[in-house]
Each structure stands twice: as structure tokens, then as C-alpha cells.
Amino acid sequence: MAWKPRVIVFTCWCSSSGVDQAGFEGFTYPPNVLTVRVPCSAVINPSLIVKAFEKGADAVLVTACRPSELRRVAPSRVTEARVSLLRRLLRTIGVDEDRLRILWISSNEGGLFSREVSRILEEVKGLGPLNIGGRMVEQG
Amino acid sequence: MSRAEEELRSIAGRLLEKKEVELVVGYEHHGRSVRPCFVSKPEEANRLVWNADCWFNLARYLRSLRDRRVGIVAKGCDGKTIVELLKENQLDRGSIVVIAVECNGVFKPFKYGLNRAERRLADYCRRCVTRVSPIADYVVKSDGQASQRENSVADGDASDWLSLFRKCLKCMACVKACPLCYCTECSIEGFKPDLVHRLRVPQELFTFHLTRALHMAGRCVECGACESACPVEIPLTRLYHELNEWFKENYGYAPGRSVNEAPPPLVFKEGWKG
Amino acid sequence: MERLSRVLFLSEDGFKIFLEQLVSSKNVIAPVETDGCFEFKTIKRAGEASLNYSNTRLPPKRFFLPQREVVFKHDPKKGTLHEPLGGFEMVLLGVRPCDASALSILDSILLKPPNPDPFYESRRRSITVVSLSCAKPGEECFCNVFEAGPVRGSGEDITLTRITGGLLVEVRSSRGQALVDVFKNLFEKAGAEHLEEYGELSSRLTREMNSRIGIARERLVRLEETLDEGFFQKEAQRCVECSLCSFTCPVCYCFDTEDYLEKNIYMRAKGWDTCASPLFTRMASGLDPRASRVEMFCHRFCHKLSRIPLAFNSYGCVGCGRCVSLCPAGVDIREVLKRWG
């Protein structure tokens, strides 16, 4: 069986309606993209992103509200900083940092989501399988 | 006995005699190395030593001695730890007397079954620029022992982190030796089985180490206690150093510089570069 | 297990051939050097083994008691229960006498009737332990106290001792005899001069170690009755509860079990636990009968030096010195020994 990249998408409440919008508007995105809806992107514990990689995700995408559309002290900025820190960590341990991305999606941007996800999937295909779980198991 | 040691002992003895502190935390000889010791009588102050074997971060003990007036022998990194603990409201500055000793770097500890006689300067000391604790009540100058930094052999480069993580025993020594890991319920010890199980599952060591790295980011003072305590010698400080670099690049912040410098995650504001 | 004792001699060249043939015919695990420290690894070529080590950083305990092993698997859909019994044939080469003695202690604890540990038993049966005597005891070693070395331990199948011109081979068990029989033509009968040299070496090393630390271990069992709180309180202050002592101990056998659900299969795993961890004694209700650090600290020494001897008639320590050397805070079991022994 040919390898298919698995992408986990953490979506905040607002951008998850963006993901729904993609369906309403008839846009398609590949079936090996799994979405996890959380109340706000700022509650995504970076450990969970790490756990997703451990459990076999080849890439993780975090979608959050556009910072310009928020009233409060930009939770999206917090997420952005966390993702940036985690990207640095992944680079340090030798995992391609492009496997973790952040994307600004508003509730009406279904088309953007579908386009971006397909593009990221293509790129991950180029990077090849990550297989952290398999690589962590001892040999011999 | 070096001059620095003599000075250290006299300061500690004086503090105990005047009852300014109940206890002085320092180092004493033990076998071919040194170990932490607790001096509570003035006449015992001459047990204290100070040399390049004193790698253990004594600030680790301060939280458990919170209700007592304590004197502490502090290297640069021990002092930075105290600063970080003060920032996090874990200590009371009024009850600690810091005897800062100038540090020229410490050796990697000599561990069981090592087949090498020569001592190497610890990896993290090579990167360190802090010689004296940023917080000090007394300062003991080093007596000009040649810095070990110049003529030391560099360690190999760690590139394959996954195979390093694979060696990990999940013994939690890195967490328990760390003065800044003070959570009573550690999420990676087994209190959150959804994240990391109590027993060592090889795949989970990835999450284990990355989670610890994320929790240390911007807090780690790079004292190397975790790395030196590790029985399989995973160069953890190198990993945490990278994350500290990220904080330096983005916020110009380094942990342990000053008590008045607030950690960026606490005072996060919009418009900050991230 | 019956104890046969047969002494043979293996010349230096003979040993090389023995090693090569052993590696090509059996699964061999031997110390391999990586960056100055040694660890047990499966070797594919005889050259990979480095036998000029003082001791390995970690004991060979994990081959008998893996850090985590699945005890049973249950598939609710099929209604099957699967108990994977581990253990495949291998030869553990170059174990130090102290670590080999730890195995005989584990035997007396884990194989005690009526409920022997089947996992340990099957591994113990399939692994042949070949020990190599210490020529130069390490700085922190005190195996003489528990008669676990430095030349001869108590749990091995074959003891190798380096003497002039080769090695003295002592066959200690039927399993060892079976291994020797495979390579029959390499071994010679040991001469009187070999035995004499062996005797000299053994008494010299024991004398050397006795001068460092010589105590009457029989008195240690009183440790629990005469617990000196002051001493332990002072020592426990230093302890950071890092659990390195029990993870690197060749004898520590305490375990924890955990239930998992993985891909709709229930699993129960068993693995190393440590008395240094607060989770070790804490019960589901939140009650912790050994909550304070001093109690936990006393427990470690009482268990090793007093409770195990009373219950199983062997000491819970072999004097390998790992806990002394690796402890970041410098807690030293030898001080306890000197005080109570």
C-alpha cells in the first residue's frame, strides 16, 4: 500500500466553521486530513502537537483566527509564538520544521482552507514519512 | 586549600556564628569528587570546599528549606536559578543569603565505569558567560586559577537526537535534579497517562523530552544539572539552550539576568514579534 | 539448580577462537564501548566486544527484567487472552561477578515457591551468563562486603578469570557445562600453576578490598530495629529523589503495572518502579503511608540490608557501587554499612 501522509489539523472554534464552510461551498480536501476542534487556538498545549507527531502524524497544521479580527490581546499571537518555538525545537532535533504550520483562517474562508491544506499535503508528500513512533523503538 | 575556599569558610562561619542563617548549603569532599552538604554549626564550616567538581546546582534545595534562613554557596548558574525562582515566587529573598563564588567552569562529573582518565570541561560551561551570580550578598573572587575554558576538548556534536532519546531510561533524574522543575505533579512522570505513561514506552520518550524542553524554554538557566545527573548522558542542556536562543532572538530575553525582568510568556503583548 | 564445578583453561588464542565461534553460532550480548562508557549490546562480530572495561554503566538486569514488558493481551472482540512468555536463547558475555551475583539474589526472591515469576524464570532459563572477573576493582566498589566478587560471583554459569597466558574457566552450572561442551576441543585441563595463580589473585584482590571497607554484614539485619533517625534525617536532606539509585541497581526489582488500551486490545504491562518516586506508595485514595522523604530514604536501605535478608536469606545489595557513583547528591550506602556493619 502506498504511503499517504497523515495531517492533523487543530482548528479553533471560528476557523472550524471555516473548515465547515469548505464543505458547504463544495470545495474538497483530501481524506487523510483529520481535524480536531478546540475552543480557541491558544488552548492548544504544544505537548499535544508533539504527541500527534509521536502517534504518527506526518504534519500538523494549526488554524487560528486572523489576529486583526480579534478583540482581545491576540490569542492567535500566543499560538503563533508557541508554534514558532516548537518549530525551532523540531529543527533542533532534526525534524523538518515545515511539518508544523500555522494558518490564519476566518469562518468564511473555506476555499482558502481547502487550497492551503492540499498544498501542504503535496509538500509533506515531498518530505516523506516521519514515523517518529517507529524510529523511537529500539533496534536489537 | 585555596584562598577562595578559605574566604568561603570564613564567611560561612561568620554567618552561622552571628546566627544570621541557620544553615549554609555548600559542597564537601566525598570520595574523589564533592557532594552537597548542609552546615549548621560554625565549627563545621571548614568542611566546605570549592573546586571544579562542584557541578550540582544547590538552588535545588532552597525550596525545601523555604521556612528557614539559609545561606547558599552559589556559582553563576546557581545564582541565576535563584533569580528565576524569585521571579516565580518560589522563594523569599529576605531569608536567603547568597555567597557568590566566581566560577571558571566545572568538569563533567566522573561517573561509574568511565574508561577515560582525563577530565573534560562540561559542555554547558563552554557556552556560559556568567562567572558570578547576578544576585549576591557576598562575593568570593576566584584565585586566578587558569580558566579551564581555553584548553579543553570539545564534545562531539549531537545530531541524532532521536537515538539519544531512545537511550533514555525515563528515570526522571533530569527532572528531579533540576532546581526549576518543582511541580508536585509532573505531567511527564505519569500523572497524565494520556501524554506520557508512568512506565517507559519507547515511543513516548519523544513526547517526554520535547515536553520537558517546552516547559524549560525561557526558564532554563543552563546549569547542566539534568545533563550531569543523566545516567546515559543525553546532552539535554544543548536542547534547552536552543530554545533559550529563540527567546533571545525574539524578545531579547535571557532567563536569570535580573529579578526585574519579567518572563515574556507572562507579559505577552500584542505586537510583539513572534 | 545444581552446582557443578569444573575448572578448565583457555589460552589467549583459544579465547579468540571461542569468541568468534560463539558470535557466529549464538546470539551474544557483550559490553561495547561508546564514548568512554560501556553498555551491553548484541554483537555481530567478535571485534565489537570490548573487554577492557571496569564495569558497564547500567547493569545487565534489563535482559532478565525488562524495563517494560507486556504481561497479557486481551482482545475483547475475539475473546482471546494472550500471555507472551519472553526469553530466547542468548549468551551474556562479560558480566562482572557483582552483577552476576545480583542474579542469584533475584533468583532467591523471584523464583521463591509457591509463586515464581514465570517471565523471569523463562528468561533466566534461556540466557547463559558468562562472567569475567575484575582485575582492578573500581573506586566505589565494595563487593567484598557481600561476597559478590571481585573474582567469583554466585549467579553465573561460567566464570572467566584472566591469568597469565589465557583464562581460567570455571563451569558453575549445567547450563554453563552445555556451553562448554559445544566448544569442547578449545579447552584444556587447568594445571596446578593456573590454580595457584588464581588463588593468589583472588586472595590479593579480596585483601585489597577488605582494607578499604571490611565490615560484619551479619549485623546489618538489625538496621531496622536500631534505626537512627538523626543520621537518616541528615542524609535524606541531601537526597533529591531522582531514583537513579534504583534504576541503575542490579538488584532492585520493584515493579509497577499499568493497563493500556491500544487499537482495541487491552494490555497489562509490568515495568520498573522506584521507591524514590512519590507515586510508588501513593494509593488511589491519596493516602501515602510513606509520604516523607526520610521515610522513603530509610525504606531503601532497610529493604536492601534488613528486610530482604530476613525474608529471602540473601542481601539486597552486591556492592557494585553504581548508586554511590551516579548519585547526583552523593548519597553513599557505604556510610550506612560502616555505621551498622
Exercise for review: Might you check whether a residue that is at pLDDT 90 or above, assigned by TED's automatic domain parsing to the domain that holds B:Ser10, over 24 Å from C:Ala329 (Cα atoms) and not in a loop (DSSP other than H, G, I, E, B) occurs anywhere in segment B:118-135?
Suggested key: no
Check your understanding: In segment A:76-90, which residues are within 7 Å of chain B (Cβ to nearest Cβ) and hydroxyl-bearing (Ser, Thr, Tyr)?
Key -> A:Ser84
**Study point:** Scan of segment B:25-49 for residues that are more than 10 Å from chain C (Cβ to nearest Cβ) and either crowded, with 19+ Cβ neighbours inside 10 Å or among the aliphatic types (A, V, I, L, M) (or both), ordered by number
**Key:** B:Gly26, B:Val39, B:Ala45, B:Leu48, B:Val49
Review point. Limited to segment B:221-253, what total is found for residues that are among the charged types (D, E, K, R) and farther than 28 Å from C:Arg57 by Cα?
Key: 4
**Study point:** Which numbered condition C:Tyr266 fails, given (1) touching a residue at least 40 places away in the same chain (Cβ under 8 Å); (2) within 30 Å of C:Ser104 (Cα to Cα)
**Key:** (2)
Point to revise | Selection within segment C:288-341 - without any contact (Cβ under 8 Å) to a residue 24 or more places away in the chain and within 13 Å of C:Cys239 (Cβ to Cβ) | key: C:Ser292, C:Glu295, C:Asp332
Review point. Among the residues of segment B:181-232, which ones are within 13 Å of chain C (Cβ to nearest Cβ), under 14 Å from B:Lys170 (Cβ atoms) and within 18 Å of the chain's Cα centre (by Cα)?
Key: B:Cys226, B:Ala229, B:Cys230, B:Pro231
Review point. Looking at segment A:51-75, which of the residues that are of a type outside the set (Phe, Trp, Tyr) and part of a helix (DSSP H, G or I) is farthest from the other protein chains (Cβ to nearest Cβ)?
Key: A:Glu69
Check your understanding: Looking at C:Arg268, C:Arg238, C:Arg219, C:Arg282, which is the one that is more than 13 Å from chain B (Cβ to nearest Cβ) and more than 23 Å from the chain's Cα centre (by Cα)?
Key -> C:Arg219
Check your understanding: Can A:Gly23 be described as more than 14 Å from chain B (Cβ to nearest Cβ), surrounded by 21 or more Cβ atoms within 10 Å (Cβ to Cβ) and part of a helix (DSSP H, G or I)?
Key -> no
Review point. Is it true that some residue in segment A:121-128 is within 12 Å of another protein chain (Cβ to nearest Cβ), crowded, with 17+ Cβ neighbours inside 10 Å and in a helix (DSSP H, G or I)?
Key: no
Review point. Quick check: is even one residue across segment A:76-98 over 14 Å from the mean Cα position of the chain (by Cα), in a helix (DSSP H, G or I), touching a residue at least 12 places away in the same chain (Cβ under 8 Å) and surrounded by fewer than 17 Cβ atoms within 10 Å (Cβ to Cβ)?
Key: no
Review point. For segment C:303-322, does any single residue satisfy the condition of being surrounded by fewer than 16 Cβ atoms within 10 Å (Cβ to Cβ) and within 11 Å of chain B (Cβ to nearest Cβ)?
Key: no
Check your understanding: Going by the structure shown, is A:Ser107 modelled with pLDDT under 90, in a helix (DSSP H, G or I) and among the hydroxyl-bearing types (Ser, Thr, Tyr)?
Key -> no
Review point. Quick one: is B:Ala52 more than 12 Å from every other protein chain (Cβ to nearest Cβ) and assigned to a helix (DSSP H, G or I)?
Key: no
Practice item. Just give me the residues in segment B:112-133 being touching a helix residue (DSSP H, G or I) at 6+ places or on another chain (Cβ under 8 Å) and in contact (Cβ under 8 Å) with a residue 40 or more places away in the chain, in sequence order. Key: B:Ala122, B:Asp123, B:Tyr124, B:Arg127, B:Cys128, B:Thr130, B:Arg131, B:Val132, B:Ser133
Review point. Before we move on, is B:Val267 of a type outside the set (D, E, K, R), at pLDDT below 90 and farther than 23 Å from B:Lys108 by Cβ?
Key: yes
Check your understanding: Filtering segment A:51-75 down to residues that are closer than 21 Å to A:Gly110 by Cα and among the aliphatic types (A, V, I, L, M), which residue is nearest to the chain's Cα centre (by Cα)?
Key -> A:Leu61
Exercise for review: Quickly run through segment A:26-51 and pick out the residues that are crowded, with 19+ Cβ neighbours inside 10 Å and charged (D, E, K, R).
Suggested key: A:Lys51
Review point. Given (1) under 23 Å from B:Thr81 (Cα atoms); (2) touching a residue at least 60 places away in the same chain (Cβ under 8 Å); (3) out of contact with any Pro (no Cβ under 8 Å at 6 or more places or on another chain), where does B:Glu189 come up short, assuming only one miss?
Key: (2)
Review point. Do we find that B:Tyr253 is touching a residue at least 12 places away in the same chain (Cβ under 8 Å) and either of a type in the set (D, E, K, R) or assigned to a helix (DSSP H, G or I) (or both) in this structure?
Key: no
**Study point:** Hey, A:Val117 touching a Ser or Thr at 6+ places or on another chain (Cβ under 6 Å) and away from chain B (no Cβ under 11 Å) or not
**Key:** no
Study note, to complete from the structure: Checked against (1) away from chain B (no Cβ under 14 Å); (2) modelled with pLDDT of 90 or more, A:Ile93 satisfies every condition except (1)
Exercise for review: Exactly one condition in (1) touching a residue at least 24 places away in the same chain (Cβ under 8 Å); (2) on the phi > 0 side of the Ramachandran plot is not met by A:Ser41; state its number.
Suggested key: (2)
Practice item. Residues that are surrounded by 23 or more Cβ atoms within 10 Å (Cβ to Cβ) and polar (S, T, N, Q): find the strands (runs of 3 or more DSSP E) completely inside segment C:55-173 holding 1 or more of those. Key: C:127-132, C:158-163
Exercise for review: Inspect segment C:195-209 for any residue being outside any helix (DSSP H, G or I), modelled with pLDDT under 90, surrounded by 17 or more Cβ atoms within 10 Å (Cβ to Cβ) and not hydroxyl-bearing (Ser, Thr, Tyr) and give the result as yes or no.
Suggested key: no
**Study point:** Subset of segment B:218-229 (residues that are crowded, with 24+ Cβ neighbours inside 10 Å and free of Cβ contacts under 8 Å to residues at least 60 places away in the same chain)
**Key:** B:Cys220, B:Cys226, B:Ala229
Check your understanding: Quick one: how many residues across segment C:13-55 are within 14 Å of chain B (Cβ to nearest Cβ), of a type in the set (D, E, K, R) and touching a strand residue (DSSP E or B) at 6+ places or on another chain (Cβ under 9 Å)?
Key -> 3
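The values are calculated or read from the model by the stated rules, or taken from the named source; none is laboratory data. Since this is a predicted model, take the numbers as computed values, not measurements. All Cβ positions, even for glycine, are placed from backbone atoms using ideal geometry, and neighbour counts span all protein chains on display.
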